[in-house]
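**Student:** The structure is given below, and queries will be raised subsequently.
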Amino acid sequence: MKKQFEVIIIGGSFAGLSAGLTLGRSLTPTLIIDSGEPCNAPTPHAHNLITHDGKVPGEIAHLGKKDLEKYDHVEFINNRVVHIEQKEDQFLILTDTDEEYFAEQIIFATGVKDLLPETKGFKECWGKTIIHCPYCHGYEAKNTKTGILAKGEQAFEKAKMIFHWTKDLTIFTNGPHEMTAEQLEILSKKNISVLEKEIKSYLHDEGKLEALEFMDNTRMELDHLYALLPTAQPNSLAIDLGIEISESGHIVTNEFQTTSQPKILAAGDGTTPMRSLSQAIAQGNIAGVVANRTYIQNKYDFE
Ligand SMILES: Cc1cc2nc3c(=O)[nH]c(=O)nc-3n(C[C@H](O)[C@H](O)[C@H](O)COP(=O)(O)OP(=O)(O)OC[C@H]3O[C@@H](n4cnc5c(N)ncnc54)[C@H](O)[C@@H]3O)c2cc1C
């Protein structure tokens, strides 16, 4: 297999496939390396993506991969990038099977890692009935017995939003609520209750949430729970290269998906807390265009 590419895309999910399609169609030698762990794997149906609303996310990604087969300039391999080194004008990319590849430019499309709590039953429900985003799953959860797992300002703001989808709403703060008396009064006027009890486990039937069980062994029935989880970069590759990372842990890019180092681009969840398939695809497309334009500029001397 070829070792030298103009662009290597690390991560071959929605952002990476979109960048790859753009680069393949623009005759730019490109390799996509993907470790096959997209963040939305636990969810049975992806929503709010035109032409694919309600499909299994893996099936959409599979179609995206198939699209690439038409284009000779782009290759896709299943592997994990474990190290990247800037060598003079090139990047050396090392995989966990010790293969070395070289590129003039790289695109990070590595997404984020959701930091799930260890509480029993949470993981099994994540992406199914424990959800993070009303635009992805709110329609399916509308008018059901719904909870919000958060505290303080975050809980207050999320409750005001989710109230639009369901009026049967409880905030679970899993400890002190950290809201002001004024906020509690506003919530109470809308019959949104706040429960500080510590959660022991999430009772479910194959990911279908049934109830929350608390440390005092009481239970409360529930159909859906919005959980505001922290996220992190999935690995230290971007951090080790010294590109700018925001306080929230995202790779900082400009509107052209370029990071603080011009030959390193980034797209998708790794760059923004506004996570969606459409957004990842759009950013991947921009990153692909920008990488291709750099390729053209360097290849043809029009000066
Ligand atoms: C549970 C859940 C449900 C969601 N539902 C929806 C929905 O219904 N609608 C919607 O619009 N959005 C939804 N989202 C958000 C959406 O899935 C993301 O915005 C989108 O997947 C981001 O695409 P991405 O390519 O940036 O990252 P990801 O899809 O997470 O892909 C990152 C890829 O990079 C690879 N990777 C990481 N590190 C390496 C490495 N070192 N080497 C090689 N490969 C690597 C991973 O294996 C993975 O394949 C959901 C998110 C979650 C968590």
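We did not get these values from a lab; they are worked out from the coordinates using the rules stated. A quick note: this is a predicted structure, and the numbers were derived from the prediction, not measured. Ideal geometry is used to build each Cβ from the backbone, glycine not excepted, and the neighbour counts take in all protein chains shown.
**Student:** Let me check I've understood the local charge: for ASN298, count other residues with C-beta under 11 angstrom from its C-beta, Lys and Arg +1, Asp and Glu -1. What total comes out? Kindly include the intermediate steps, with their values, before the conclusion.
**Tutor:** On the way: positive: LYS263, ARG293, LYS299; negative: GLU6, ASP89, GLU104, ASP301.
Taking every Cβ under 11 Å from that of ASN298, the sum is -1.
**Student:** Right, next: Evaluate the charge dipole of the range 55-182 about its Cα centre and quote only its size in Debye, nearest 20, assuming +1 on the Cβ of each Lys and Arg and -1 on the Cβ of each Asp and Glu.
**Tutor:** Numbers: 16 positive and 22 negative charges, 237 e Å.
Dipole size: approximately 1140 debye.
**Student:** Which percent, to the nearest 5, of DSSP beta bridges fully inside the chain are antiparallel? Let's see the in-between values first.
**Tutor:** Details: 23 of 56 bridges.
Restricted to the chain, the bridges split so that about 40 percent are antiparallel.
**Student:** Using only alpha carbon pairs under 8 Å that are at least six residues apart, calculate the relative contact order of the chain and give it in whole percent.
**Tutor:** Values: 632 pairs, mean separation 65.7, N = 303.
Relative contact order for the chain comes out at 22 percent.
**Student:** Out of all DSSP beta bridges in the range 122-227, what portion is antiparallel? Express it as a percent rounded to 5. Before the final figure, lay out the partial values.
**Tutor:** On the way: 9 of 23 bridges.
Expressed as a percentage, antiparallel bridges in the range 122-227 total about 40.
**Student:** What residues of the range 214-232 lie in the reach of a label at LEU115, counting those whose backbone N is under 20 Å from a point 7 Å from the Cα along Cα→Cβ?
**Tutor:** The answer is 226-232.
**Student:** Output needed: Cys residues of the chain lacking any neighbouring Cys C-beta below 4.7 Å, sorted by number.
**Tutor:** CYS39, CYS125 - these cysteines have no disulfide-compatible partner (Cβ-Cβ under 4.7 Å) in the chain.
**Student:** What is the distance in Å between the Cα centroid of the range 169-208 and that of the range 85-154?
**Tutor:** 25
**Student:** Hey, another quick one. Working out 0.36 nm times the residue gap between THR218 and ARG25, then minus their Cα-Cα distance, what length gain in nm do you get to one decimal?
**Tutor:** Working: separation 193, 0.36 × 193 = 69.48 nm, distance 5.84 nm.
Extending this stretch completely gives an extra 63.6 nm.
**Student:** Considering only THR253, ALA159, GLY64, whose Cα is most displaced toward the positive end of the charge dipole of the chain, charges sitting on Cβ of Lys, Arg (+1) and Asp, Glu (-1)?
**Tutor:** It is ALA159.
**Student:** Further question on the same structure: Across 20 Å bins from 0, what is the distribution of all Cα-Cα pair distances for the chain, in whole percents?
**Tutor:** 32, 48, 19, 1
**Student:** Sort MET220, MET215, MET1 so that the residue with the fewest other Cβ atoms within 10 Å of its own Cβ comes first and the one with the most comes last. Show your work: numbers first, answer last.
**Tutor:** On the way: MET220 17, MET215 11, MET1 7.
Listed from fewest to most nearby Cβ atoms, that is MET1, MET215, MET220.
**Student:** Based on the mean of other beta carbon atoms within 10 Å per residue, what is the order of 2-12, 101-111, most packed first?
**Tutor:** For the peptides 2-12, 101-111, the packing ranking is 101-111, 2-12.
**Student:** Still on this structure, please answer the following. Under the definition of Cα pairs under 8 Å and six or more residues apart, what whole-number percent is the relative contact order of the range 122-227? Display every interim value, and only then the final one.
**Tutor:** Details: 199 pairs, mean separation 36.1, N = 106.
Once normalised by length, the contact order is 34 percent.
**Student:** Let me ask something else. For the range 209-301, build the convex hull from the C-alpha positions and give me its volume per residue in Å³. Mind showing how you got there, number by number?
**Tutor:** On the way: hull volume 12.2 nm³, N = 93.
So the per-residue Cα hull volume is 131 Å³.
**Student:** By how many nm would the segment from VAL289 to ASP67 grow when fully extended, if each residue of separation counts as 0.36 nm and the alpha-carbon distance is taken off?
**Tutor:** Values: separation 222, 0.36 × 222 = 79.92 nm, distance 1.74 nm.
That pair, VAL289 and ASP67, stretches by 78.2 nm at full extension.
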